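To start, the structure under review is shown below, and the notes come after it.
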């Protein structure tokens, strides 16, 4: 039997705060990888907070079959596309069309950003974060 709400219709989830991006990103700059991910059942979106260490990279690749919105939270860096290199800084909003080519390079402060895209059941969208070679 389906879970029902007070009006007899299907119950829906309720809005709620899931975390604080300032707290999530407030770590050592050398931290890399996924700091947070949206992990709720029956969701229509996926979202992650990704950290690149100073001068770290995510190598050139073509994205998955979903559009991705990126919001830069802290640090700086660049994303190189098929046509240009785009500077990334706190507050920048970047749209990456599905299957577009991209390569991320963090600056000296590292780079931390939020991604939002349509939910996918299969594996990750981004290749492995690589540490800067000294």
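Every number in this text was worked out from the coordinates using simple rules, so none of it is lab data. A quick note: this is a predicted structure, and the numbers were derived from the prediction, not measured. So basically every Cβ, Gly included, is an ideal-geometry build from the backbone, and we count neighbours across all protein chains shown.
Quick look at the values:
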read-out: Per residue Cα convex hull volume in Å³ - calculated over the range 34-118; value: 83 Å³
read-out: Nearest-0.05 FRET efficiency for residue 60 and residue 89, computed from C-beta distance (R0 25 Å); value: 0.70
read-out: Convex hull (Cα only) mean projected area of the range 15-59, reported in nm² to one decimal; value: 4.1 nm²
